Amino acid sequence: MPSKNRTALVLGATGGIGGETAAALARHGWRIRALARDPHGAAARREPGWDWAQGDAMVEESVVRAAAGCAILVHAVNPPGYRNWERLVLPMIDHSIAAARASGARLLLPGTIYNYGPDAFPLLREDSPQHPTLRKGQVRVELERRLEEAAREGVRSLIVRFGDFFGPRPGNNWFSQALVKPGLPVHAVTYPGRRGVGHAWAYLPDAGEVFARLAGREGEMEAFARFHFTGHWDSDGRAMINAIGRAVGRPKLKVRSLPWGLLKIAGIFSETPRELFEMRPLWETPVQLDNARLVAFLGEEPRTPLDEAVATTIAGLAVAR
């Protein structure tokens, strides 16, 4: 990548992974261009100095226009409120592929573990078979297939796969929607997983940092590049709960089980609980990400100590003590 071109287009810059990736890229000297339907409102909520372009990720022309002159394109966007997710996700990635093709940018995508099924568990590598049992996983497999196909036509891409996100800004993640509630005191933690089952977590600022470091060396990668990010591996589900307890000054927090049955019933009438209920199998079996390839490439994986990451998250969510 020519050193003179340090402009990155970020789709989803107002969200968790998109915002943290944009912030990390900016720290590494990139000029940030962000796409938003309401650029003035978005600019008021994020860091100064970013160039906000008006447009919609669901409109191909908007993305192609915004990507002109960019060296990388971060695709960290989802349909508003995750409504009609399965119907809209693939057209949205098609728009980003078209924009990357027109601009010559490398497309960066945060990946998930949804793509995998029991034949790949418990340790996921970049070449593990992708035979998902989840509907979302089937969509993600097709999404990544389109990226790989586009790479054969010269559209470069980079996927970094993460576990469940947590971080200092509320968002669509289990930490701020189940374990704790933004703005409320923590007297107990609602935990979705089974006792003794491990779970993979990714601190959002670390996720943004790894994207920024990889972006600086994207010219050394193959056209279709993939890396796995281990993050914080909680081997029995207690490490995250205990870290929350220390962060709020209550080391013996009560732990409540997530009422999966109620989610299932609520899912009959509402899309959000239905989507959450589908994730249940990933809380009932240990699924870990192998970062050997990432460490071999970068030399290390960025990883904030768990207590520091959780304390910063709790403070950012304005959790009352």
(1) within 15 Å of the chain's Cα centre (by Cα); (2) not charged (D, E, K, R); (3) not assigned by TED's automatic domain parsing to the domain that holds Ala225: which one isn't true of Tyr114, the others all being true? (3)
Flagged in region 191-217 as more than 21 Å from Gly167 (Cα to Cα), modelled with pLDDT of 95 or more and surrounded by fewer than 21 Cβ atoms within 10 Å (Cβ to Cβ), in numbering order, are Val197, Gly216, Arg217
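Just checking, how many residues over region 163-174 are modelled with pLDDT of 95 or more and of a type outside the set (Asp, Glu)? Break it down into steps so the answer makes sense when it comes.
Initial filter on region 163-174 (modelled with pLDDT of 95 or more): 163-167.
Those left that are additionally of a type outside the set (Asp, Glu): 163, 165-167.
Of the residues in that region, 4 qualify.
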Across region 13-50, what is the number of residues that are touching a Pro at 6+ places or on another chain (Cβ under 9 Å) and of a type outside the set (A, V, I, L, M)? 5
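Would you call Pro286 in contact (Cβ under 8 Å) with a residue 40 or more places away in the chain, buried (at least 17 other Cβ atoms within 10 Å of the Cβ) and at negative phi?
Values: in contact (Cβ under 8 Å) with a residue 40 or more places away in the chain: yes; buried (at least 17 other Cβ atoms within 10 Å of the Cβ): yes; at negative phi: yes.
So Pro286 fits the description; yes.
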State all residues of region 228-275 that are among the aromatic types (Phe, Trp, Tyr) and either without any contact (Cβ under 8 Å) to a residue 40 or more places away in the chain or under 14 Å from Trp174 (Cα atoms) (or both); if no residue qualifies, say none. Trp260, Phe269
Filter result for Val319 (buried (at least 18 other Cβ atoms within 10 Å of the Cβ) and in a loop (DSSP other than H, G, I, E, B)): yes
Residue in region 297-319 that is of a type in the set (Phe, Trp, Tyr) and at pLDDT 95 or above present: yes
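Of all residues in region 15-62, which are of a type in the set (Val, Ile, Thr) and assigned to a helix (DSSP H, G or I)?
Taking region 15-62 and keeping what is of a type in the set (Val, Ile, Thr), we get 17, 21, 32, 59.
Correct list: Ile17, Thr21.
Of the residues Arg65, Arg140, which is surrounded by fewer than 19 Cβ atoms within 10 Å (Cβ to Cβ) and either assigned to a helix (DSSP H, G or I) or acidic (Asp, Glu) (or both)? Write out each step before concluding.
Values: Arg140 fails: surrounded by fewer than 19 Cβ atoms within 10 Å (Cβ to Cβ).
Answer to the check: Arg65.
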Quickly run through region 209-243 and pick out the residues that are over 30 Å from Ala150 (Cβ atoms) and assigned to a helix (DSSP H, G or I). Arg238, Ala239, Met240, Ile241, Asn242, Ala243
What residue, of Arg246, Arg250, is in a loop (DSSP other than H, G, I, E, B), outside the structural domain of Glu86 (by TED's automatic domain parsing) and over 28 Å from Arg140 (Cα atoms)? Arg250
Exactly one of Ala311, Ala315, Ala239 is in contact with a Pro (Cβ under 8 Å, 6 or more places away or on another chain) and among the aliphatic types (A, V, I, L, M), and that residue is Ala315
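For region 74-88, state whether one or more residues are more than 27 Å from Arg135 (Cα to Cα), assigned by TED's automatic domain parsing to the domain that holds Phe224 and among the basic types (Lys, Arg).
Here is the first cut: in region 74-88, the residues more than 27 Å from Arg135 (Cα to Cα) are none.
Within region 74-88, none of the residues are more than 27 Å from Arg135 (Cα to Cα), assigned by TED's automatic domain parsing to the domain that holds Phe224 and among the basic types (Lys, Arg).
The values are calculated or read from the model by the stated rules, or taken from the named source; none is laboratory data. What you see is a predicted model; the values in this text were computed from it and never measured. All Cβ positions, glycine included, derive from the backbone under ideal geometry; neighbour counts span all protein chains shown.
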